[in-house]
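Participant: The structure that follows is given in the form of structure tokens.
Values quoted throughout were computed directly from the atomic coordinates according to the rules given, and no laboratory measurement underlies them. Please read these numbers as outputs of a predicted model, since none were measured by experiment. With ideal geometry, Cβ positions are generated from the backbone for all residues, glycine too; neighbour counts draw on all protein chains shown.
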Amino acid sequence: MTTSQLPQLKGPALWNMSLGFLGIQCAFGLQNANASRILQTFGADVHHLTWFWLAAPLTGMLVQPLVGHYSDRTWTRLGRRRPYFLAGAIFSAIALCLLPQAGLFAAFLPPLIVGALFLVLMDASINVSMEPFRALVADLLPSAQRTAGFAIQTFLIGVGAVIGSWLPYVLTNLVGFDSVSQDDGVPANVTWSFIFGAMLLLATITWTVLRTKEHPPEEYQRYHNLSKDQQEQPPSLMSAISKMPRTMRQLGLVQFLSWFGLFSMWVFTTPALATHVWGLDATDTHSQEFSEAGDWGGVLFGVYNLIATLYALALPSIAKRTSRRATHALSLACGGLGLMSMYFIHDKHLLLLSMVGVGIAWASILAMPYAMLAGALPAGQMGIYMGLFNFFITLPQVLNGLFGGLIVEYLYDGSAMMAVCMGGVGFLLAAIATLRVQDES
């Protein structure tokens with residue numbers, strides 16, 4: 001069989017293939033900054049928030065390996081990965097529009113239950129779109145361009161998350177939308193932010209689908225040195241699990257610790273701000289001050305994503321001068337110190353400094369593990385292994401979701417800020433685990 005080297009792609013193609021991630025992360029940014037406040041508005045107790053947030057990791061745990069498995073076997077007029085981008089985007093947009101308006105369905109089910117169901121639909125649909133983007137980089141880019149490819153994805157993720165995180169604050173302070181609902185429902189600034197996010201998600205995914213060309217089966221086979229049987233009959237899920245590369249297992253521990261910390265930050269930042277900075281009672285969820293705390297949580301999330309956007313551009317250079325392993329370990333340590341510093345700060349503006357470290361860690365989490373992983377995976381199995389790798393992201397979130405609220409209630413005496421600090425400890429442990437990873441080319 002004749003083989004040939006994957007051609008290097010020029011700048012515009014590198015950006016086009018990942019532009020959809022901007023819309024995806026705008027949706028995630030909206031969810032991360034606002035899901036807790038929406039659910040609390042509908043009546044969720046702060047100690048039970050982690051149970052509702054289980055929707056994201058559980059759907060990811062189920063959906064991403066399956067999407068990776070079947071996208072490895074797919075070929076249509078749109079290609080291998082792009083059909084999944086488009087289908088996931090359509091259902092994600094529907095869920096984004098309906099989640100803040102769950103109260104409209106109160107005649108059928110309690111708004112809290114409806115909101116939780118829409119959250120599940122949104123997470124499942126976003127996962128359908130998101131998983132193949134990682135595999136697409138490995139499909140189309142030669143090894144020399146993969147760090148740059150994942151760094152561009154991280155940059156676009158950061159831009160999208162900044163937009164999603166800041167939208168409610170911007171719509172209130174620059175446009176004039178109400179930040180407090182007159183009927184104890186979700187405020188108008190949040191509702192319209194989700195509608196705008198749905199539009200952006202559809203637009204960017206459609207751009208990637210139309211502007212990116214995937215290699216037909218014959219070309220893919222030649223570029224990746226695969227026989228026809230390997231191309232047409234990828235291994236089963238169980239076979240892939242049993243043959244998981246050592247580097248993937250090592251990175252799995254790093255991801256587990258990192259995402260345990262991220263989940264704590266996403267779930268508990270808004271209630272932590274409300275009690276630790278604004279001095280509110282944990283049950284005060286309909287006041288002007290609680291809305292301000294929620295909006296400021298979105299600002300903080302936007303800041304760490306902005307830092308991640310800028311830091312992502314420097315990642316290829318830093319990794320080249322040191323190593324991918326050292327770069328990731330140092331970045332995670334910065335994030336751990338950033339989260340832990342929040343416990344000692346009671347001024348909302350000083351918390352912006354904490355987000356610098358978090359942003360450095362977030363950029364690296366989104367790029368470096370995948371850059372290290374891609375070189376250790378069999379070429380014809382990128383989709384399935386990228387999907388399985390997501391298990392190390394979802395499992396820690398599931399465990400945190402099951403027990404995080406109980407830890408806050410009984411170990412931290414209801415202190416949401418202590419849960420955020422717990423996330424910082426997870427980052428520091430992940431940094432230590434990174435030093436043991438074997439980074440193969």
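Participant: What does the highest-first list of 324-337, 207-220 look like by mean Cβ count within 10 Å? Mind dumping the intermediate values first?
Facilitator: On the way: 324-337: 23.1, 207-220: 15.6.
For the peptides 324-337, 207-220, the packing ranking is 324-337, 207-220.
Participant: If you don't mind, there's one more thing I want to ask. If R0 is 45 Å, what FRET efficiency do you get for Leu330 and Leu104 from their C-beta distance, rounded to 0.05? Show your work: numbers first, answer last.
Facilitator: Numbers: r = 48 Å, r/R0 = 1.07.
Computed FRET efficiency for Leu330 and Leu104: 0.40.
Participant: Using only Cα atoms, find the angle between the long axis of helix 416-434 and the longest principal axis of the chain, and express it within 0 to 90 degrees, rounded to the nearest 10.
Facilitator: Helix 416-434 sits roughly 20 degrees off the main axis of the chain.
Participant: Hey, rough spin-label estimate for Ser287 and Phe196, points 7 angstrom out along Cα→Cβ, what's it come to in nanometres?
Facilitator: In this crude spin-label approximation the distance works out to 2.8 nm.
Participant: Using θ = phi - 60° and the Karplus curve 6.51 cos²θ - 1.76 cosθ + 1.60, what whole-Hz ³J(HN,Hα) does each residue of the stretch 159-168 get, with Gly and Pro shown as x?
Facilitator: 4, x, 5, 4, 4, x, 5, 8, 3, x
Participant: Next up: Once label points are set 7 Å from the Cα along Cα→Cβ at both Thr206 and Lys320, what is their separation, rounded to one decimal in nm?
Facilitator: Output for this residue pair reads 3.7 nm.
Participant: Which three extents, in whole angstrom, do the alpha-carbon atoms of the stretch 11-434 cover along their principal axes, largest first?
Facilitator: 63, 46, 38 Å, listed from the longest principal axis down.
Participant: Have a look at Phe301, Met17, Pro111 and report the one farthest towards the positive end of the charge dipole of the stretch 11-434, computed about the Cα centre with Cβ charges (Lys/Arg +1, Asp/Glu -1).
Facilitator: Result: Met17, furthest along the dipole toward the positive end.
Participant: Return the distance in nm (one decimal) between the two label points of a simple spin-label model at Leu62 and Arg222, each offset 7 Å from Cα along Cα→Cβ.
Facilitator: The modelled label-to-label distance comes out at 4.2 nm.
Participant: Sticking with this structure for a sec: Say R0 is 41 Å: what FRET efficiency, to the nearest 0.05, do Ala144 and Leu402 get from their beta-carbon distance? Could the numbers behind the result be given before it?
Facilitator: On the way: r = 42 Å, r/R0 = 1.03.
After rounding to 0.05, the efficiency reads 0.45.
Participant: Let me have the 222 nm mean residue ellipticity of the chain computed from DSSP H runs of 4+ only, each contributing -39500 (n - 2.57), with the sum over all residues rounded to the nearest 500. Kindly include the intermediate steps, with their values, before the conclusion.
Facilitator: On the way: 18 runs with 317 residues, N = 441.
Value at 222 nm, helices only, nearest 500: -24000 deg cm²/dmol.
Participant: Only Cα pairs within less than 10 Å get springs; with that Gaussian network setup on the chain, which residue of Thr74, Thr50, Thr204 has the largest fluctuation?
Facilitator: Answer for the Gaussian network model of the chain: Thr74.
Participant: While we're looking at this one, here's another question. Residue by residue, what Karplus-based ³J(HN,Hα) values in Hz, rounded to whole numbers, does the stretch 125-140 have, using 6.51, -1.76 and 1.60 with θ = phi - 60° and x for Gly and Pro?
Facilitator: Listing the rounded values in order: 5, 4, 5, 4, 6, 6, 4, x, 5, 5, 5, 4, 4, 5, 5, 9 Hz.
Participant: Next up: So, R0 is 51 Å and r is the distance between the beta-carbons of Tyr343 and Arg73; what FRET efficiency does that work out to, to 0.05?
Facilitator: On the way: r = 49 Å, r/R0 = 0.95.
With a Förster radius of 51 Å, E is 0.55.
Participant: Something else: Mind checking which of Trp75, Leu330, Thr206 is farthest towards the positive end of the chain's charge dipole, using Cβ charges of +1 (Lys, Arg) and -1 (Asp, Glu) about the Cα centre?
Facilitator: After comparing all options, I get Trp75.
Participant: About the Cα centre, and with charges only on the beta carbon of Lys, Arg (+1) and Asp, Glu (-1), how big is the dipole of the stretch 11-434? Nearest 20 debye, please.
Facilitator: Numbers: 20 positive and 21 negative charges, 411 e Å.
For the stretch 11-434, the charge dipole is close to 1980 debye.
Participant: Let's see if you can work this out: charge +1 on each Lys and Arg Cβ, -1 on each Asp and Glu Cβ, no other charges. What is the dipole magnitude of the stretch 284-441 about its Cα centre, in debye to the nearest 20?
Facilitator: Values: 6 positive and 9 negative charges, 181 e Å.
Dipole magnitude for the stretch 284-441 comes out near 880 debye.
Participant: Something else: Taking every pair of alpha-carbon atoms in the stretch 379-441, what share in percent sits in each 5 Å bin, from 0 to the bin with the longest distance?
Facilitator: Calculated over all Cα pairs of the stretch 379-441, the distribution is 4, 14, 15, 21, 16, 13, 8, 6, 3, 1, 0 percent.
Participant: Here's another thing I want to ask about it. Could you sort 402-415, 24-37, 385-398 so that the peptide with the highest average Cβ count within 10 Å comes first and the rest follow in order? Could the numbers behind the result be given before it?
Facilitator: Numbers: 402-415: 15.8, 24-37: 27.9, 385-398: 22.9.
In decreasing order of mean packing, 402-415, 24-37, 385-398 become 24-37, 385-398, 402-415.
Participant: Pick out, from Val63, Trp53, His349, the residue whose Cα sits farthest towards the positive end of the charge dipole of the chain, with +1 on the Cβ of Lys and Arg and -1 on the Cβ of Asp and Glu.
Facilitator: The Cα lying farthest towards the positive end belongs to Val63.
Participant: What residues qualify as long-range amide H neighbours of Phe177, i.e. H under 5 Å apart, gap of 5 or more or another chain, H built at 1.01 Å from N?
Facilitator: So Phe177 has HN proximity to Thr172.
Participant: Kindly write out, for the stretch 274-279 in residue order, the coupling ³J(HN,Hα) from the Karplus curve 6.51 cos²θ - 1.76 cosθ + 1.60 (θ = phi - 60°), rounded to whole Hz, with x marking Gly and Pro.
Facilitator: Here the 3J(HN,Hα) series is 4, 8, 7, 9, 7, x Hz.
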